[in-house]
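Reading through the structure tokens given below for one structure.
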Amino acid sequence: MRLAYWMYAGPAHIGTLRVASSFKNVHAIMHAPLGDDYFNVMRSMLERERDFAPVTASIVDRHVLARGSREKVVDNILRKDKEERPDLIILTPTCTSSILQEDLQNFANRASRNSDSNIIFANVDHYRVNELQAADRTLEQVVQYYLDRSHGQETLDQSLTDVPSANIIGIFTLGFHSQHDCRELRRLLRDLNIKINQVIPEGGSVKDLKNLPKAWFNLVPYREVGLMTAMYLEKKFGMPYVSTTPMGVVDMAECIQQIQRSVNTLAPTSSNKKVDYEPYIDEQTRFVSQAAWFSRSIDCQNLTGKETVVFGDATHAALITKILTREMGIRVSCTGTYCKHDAEWFKEQIKGFCDKILITDDHTEVGDMIAHVEPSAIFGTQMERHIGKRLNVPCGVISSPVHIQNFSLGYRPFLGYEGTNQIADLVYNSFALGMEDHLLDIFGGHDTKEIMTRSLSTGIGLIWDPESRLELNKIPHFVRNKVERKIEKFARQKGIVNITVEVMYAAREVLST
């Protein structure tokens, strides 16, 4: 069994806990052994919030294993019900505790008899799905539970709002710049004179979920979370949804045009006039977004033809690939995603925008691909940033998972027209760092460190002798790393461990032919 020391997407229970802790006055109880109860620490370290409801861990220990978990789980549910008075308690196991195959649904049913709170068992297959899939399923389950409940109590109001309105679905805690994206989406809808009915799950109340069908349409900014809920609402209540991510100038226009079609479909039935958002798109593209102007500037044209690698979740990797290729003229040698469950959509979206596609959740495959391509810049997750440091290739972080530095205090949306400016800055600055290193080298800068091996999964360690290292340092900095990688590749193919000046000359003869 391979030990996973890095995972792009966490285990399923993390997704359930992220959804539960995003709602107001919802408490999550996690049935887990010690070691799985790290969610509170992770959220308090990363998310920029002053207050949040911590998750309660119902610990599986040797006593529980001896006599069963029912009594302990039920007692923990009832205790939190009295202490916190939540509207909803969500019970979830972890992948580890799922091995016990206990009937947690039965535990939830027993606790609900003596609880004032609603209790839901997160019905997620912890063996087969990851964090993002579980979050998507949990959100749909919560929404369906409350809408069915309201329908049974005859309190479900399906009448549309008097003016065009929308639900924003999929904004939740620990998302990549999602809080900033939400502010930008609110601004966009306000500019279009569209009322925001609800934003879920972040900051939403489960008591208000019964009002979801009052919106004219649903907006799903990320494919990873919210799409299942939007599809359920469309099937159950006939609500249209817009799932085109408003990222980049081209897809911003496409998203707004889809919103226009959704509004105009319902406008005649509610005595509202049809809308035309084309003037708004034109004004924002020309005067608010600087990305369109920047793509024609000499700074951006200097990046034309540069090779890049893109990797991340399906939404961000696909959209950044299209922005780099279509809007900035930058070549994407390889693009990929760790969302293997959404591989078909991803391939369809980036068809024709890159040379190669990589669908994997193994970071070593990504590292070897980057080492092979030798790009001028990387756009990926925190792991690709680490890989870039090893290869001395700059990396712009565009997707979760990320480090705390990517939970910025300043306003940095990736969506909307302001998001186009942020992405353009990120792309340009990622490439500019390479020029900065070149200038430092010219003026006697910081280039004193030894670069690690360029093959991230090889077991062969190469040794450069002092004379060969001195000869290598005579090569200009901006091509030195590429030359070094090619020499090391030649040495590995020949089974050479010690690189001498003679080996360098032999490699040069082979590589020049």
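The values are calculated or read from the model by the stated rules, or taken from the named source; none is laboratory data. Keep in mind that what you see is a predicted model, and the values were worked out from it rather than measured. We place every Cβ from the backbone using ideal geometry, glycine too, and count neighbours over all the protein chains shown. Surface areas here come from the heavy atoms of the whole protein model, side chains and all, with no ligands, DNA or RNA. Shrake-Rupley method; radii C 1.70, N 1.55, O 1.52, S 1.80 Å.
Observations
- Selection within region 336-357 - touching a strand residue (DSSP E or B) at 6+ places or on another chain (Cβ under 8 Å), open to solvent by less than 30 Å² (accessible area, probe 1.4 Å), farther than 29 Å from Arg286 by Cβ and not in a loop (DSSP other than H, G, I, E, B): Gly336, Thr337, Ala343, Phe346
- Checked against (1) in a strand (DSSP E or B); (2) under 23 Å from the mean Cα position of the chain (by Cα); (3) at pLDDT below 90, His31 passes all but a single condition, namely (2).
- Per-region count, region 69-101, residues part of a loop (DSSP other than H, G, I, E, B), more than 32 Å from the chain's Cα centre (by Cα) and surrounded by 13 or more Cβ atoms within 10 Å (Cβ to Cβ): 1
- Restricting the first member to region 28-55 and to residues that are over 25 Å from Val73 (Cβ atoms), and the second to residues that are polar (S, T, N, Q) and part of a loop (DSSP other than H, G, I, E, B), the beta-carbon pairs closer than 8 Å and six or more apart or on different chains are Glu47/Thr173; Glu49/Thr173.
- Neighbours by Cβ (under 8 Å, 6+ apart or cross-chain): first from region 384-406, over 22 Å from Met247 (Cβ atoms) and part of a loop (DSSP other than H, G, I, E, B); second open to solvent by 20 Å² or more (accessible area, probe 1.4 Å) and of a type in the set (A, V, I, L, M): Asn392/Ile451
- Residue in region 127-137 that is surrounded by fewer than 16 Cβ atoms within 10 Å (Cβ to Cβ), without any contact (Cβ under 8 Å) to a residue 24 or more places away in the chain and either charged (D, E, K, R) or assigned to a loop (DSSP other than H, G, I, E, B) (or both) present: yes
- The residue list Leu185, Leu233, Leu212 contains one member that is among the aliphatic types (A, V, I, L, M), within 18 Å of the chain's Cα centre (by Cα) and closer than 30 Å to Ile89 by Cα, which is Leu185.
- Restricting attention to region 144-172, the residues that are under 26 Å from Gln260 (Cα atoms) and outside any loop (DSSP other than H, G, I, E, B) total 7.
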